[in-house]
Structures are given as C-alpha cells and as structure tokens.
Amino acid sequence: EGLCQTGDTHILEHMMFGGSKNYSGANGMWSLEEQGAVLNATTYLDRTNYYEVLETKHVPHALDLEADRMLQPLLSADKLKSEMTVVRNEYERGRNNPFSLMSSKIMQIAFNEHPYGHSTIGYLCDIEHVNADSLKQYHKKYYKPNNATIIMTGNIPPDAATLVQTALDQIPQGTSADNFVVEPVQK
C-alpha cells in the first residue's frame, strides 16, 4: 500500500466476502457455512489470508468460490458503504487499545519509508476517503494467482493439485509489482 491507500487491503478483505459475479447472496462464500465449514480472513503486514475449514468433499466448491472472488468480486459503492461500519469499528477499537497504539507508534518510528510504518488497518483519512473504483484498481493489480499461495492440510483430496490448477486457470496471471521502496539503514 502506498500513500492515500493505507487500509485498502484490509477493506478488500472485508469486501471479498460480499460475493462475486458467479457466487453471491445465498450462493456466496457464506454458503460454505451451511455445509459445516468455518471461514474467515485476516490481514497483517505481508499477507491477507482467507481460510476455510471444511470437509474434503467440499474442497472443489470452495476452490471455485475462491477463484471467482479473486477474478471478479463484487466491489460496489453500496457494498463498500455497508462494510465501512465494520472497518471503522475495528479502527476505533484499535485506537482505544494501549498496546495497539504503542505497537503502531513503534512501527512508525522503526520504518520511515516502507509501508510497515503504518498499520494494516490504515490511517483514518484514507479509510474515510476510499472509493469503490480505487479498490477495484487495487484489486485488479494485486489479486492474481502469482501473488497467492494455497495451503491445504488434513485429509487432502488426491486430485488437489488438479483442482487448484483448474480453478485458477481462468484467472490471468499478473505481473509482479516492483518494490521501489528502500528502507534506509536503521541505526
């Protein structure tokens, strides 16, 4: 995240549960819960992880859902507006937590140039001024198979590699974003 984009990844984490072109509403990500799955997501410095804990027989469907939300999530202004209440609540919770405030200040001191200097939840001015179009562009640039890792544990289907390949083949590979930020040597 660069200037005026702080918190975009976190906001997208929330919005990515809002459905995709082929899977929304009752057929969206939350439909996995009806099949007994547990799912959620978190965002931190170098990653956002979306996860599902589910029965092996539901892996193909979960992969289809993940691929579709990577390719064509519903990132509308209305969905952004509805998620902003939750995002603002998380921001405010952090502002009322002494440990979170201290950690944020330490990171700001330690990292002068690199995005690690701001929290993943972002600055309030950026959160309040984000719009759906800028989030779509951010998503289009970074949410690609070459920037993703799929990890499976437990009772993995024997054809897991084929299932993953089939699900992700529909998504164009992105180009690696150049990291132009060089953090000065810390003293």
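The values are calculated or read from the model by the stated rules, or taken from the named source; none is laboratory data. This is a predicted model, so every value here is computed, not measured. Here Cβ is always computed from backbone atoms with ideal geometry, including for glycine, and neighbour counts include all displayed protein chains. Heads up: the accessible areas ignore ligands, DNA and RNA and are worked out on the full protein's heavy atoms, side chains in. Shrake-Rupley method; radii C 1.70, N 1.55, O 1.52, S 1.80 Å.
Key figures for this structure:
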quantity: Where labels lie 7 Å past Cα in the beta-carbon direction, separation of Asn131 and Gln170 in nm; calculated: 3.0 nm
quantity: Calculated P(r) tail over 15 Å for the range 127-172, as whole % of Cα pairs; calculated: 59 percent
quantity: Size of charge dipole - the chain - debye, nearest 20, with Cβ of Lys, Arg +1 and Asp, Glu -1, no other charges; calculated: 320 debye
quantity: Cα-based convex hull, the range 20-59, per residue volume (Å³, whole number); calculated: 88 Å³
quantity: Phi to ³J(HN,Hα) by Karplus 6.51 cos²θ - 1.76 cosθ + 1.60 over the range 28-44, Hz, x for Gly, Pro; calculated: x, 3, 5, 4, 5, 4, 5, 8, x, 7, 10, 9, 5, 7, 9, 10, 9
quantity: ³J(HN,Hα) computed for each position of the range 45-56 - Karplus, 6.51 cos²θ - 1.76 cosθ + 1.60, integer Hz, glycine/proline x; calculated: 3, 10, 6, 10, 10, 10, 9, 10, 10, 8, 5, 3
quantity: Mean Cα-pair separation over length for the chain, i.e. relative contact order, pairs under 8 Å, 6 or more apart, %; calculated: 28 percent
quantity: Helix 98-110 vs. the chain, principal-axis angle (Cα, 0 to 90°, nearest 10); calculated: 70 degrees
quantity: Whole-number Å³ per residue for the convex hull built on Cα positions in the range 79-175; calculated: 180 Å³
quantity: Solvent-accessible area per residue, Å², over the range 97-156 with all protein chains present [probe radius 1.4 Å]; calculated: 66 Å²
quantity: Local net charge near His118, Cβ-Cβ under 10 Å (Lys/Arg +1, Asp/Glu -1); calculated: -2
quantity: Inter-site label distance for Asn22 and Val53 at 7 Å from Cα along Cβ, in nm; calculated: 2.8 nm
quantity: Size-normalised alpha-carbon gyration radius of the range 57-107, reference 2.2 N^0.38 Å; calculated: 1.74
quantity: Span from the the range 132-163 Cα centroid across to the the range 28-49 one, whole angstrom; calculated: 12 Å
quantity: Overall Cα dimensions of the range 1-154, principal axis frame, Å, largest first; calculated: 48, 35, 30
quantity: Using θ = phi - 60° and Karplus 6.51 cos²θ - 1.76 cosθ + 1.60, couplings along the range 148-165 (whole Hz; Gly, Pro as x); calculated: 10, 10, 10, 10, 10, 9, x, 7, 7, x, x, 9, 4, 4, 5, 4, 5, 4
quantity: Within the accessible area of the range 131-187 (1.4 Å probe), percent carbon and sulfur; calculated: 53 percent
quantity: Set of lysines with alpha-carbon distance to Lys57 below 27 Å, sequence-local pairs under 8 removed; calculated: Lys21, Lys144
quantity: Helix axis angle, 59-71 relative to the chain longest principal axis, alpha carbon, degrees; calculated: 50 degrees
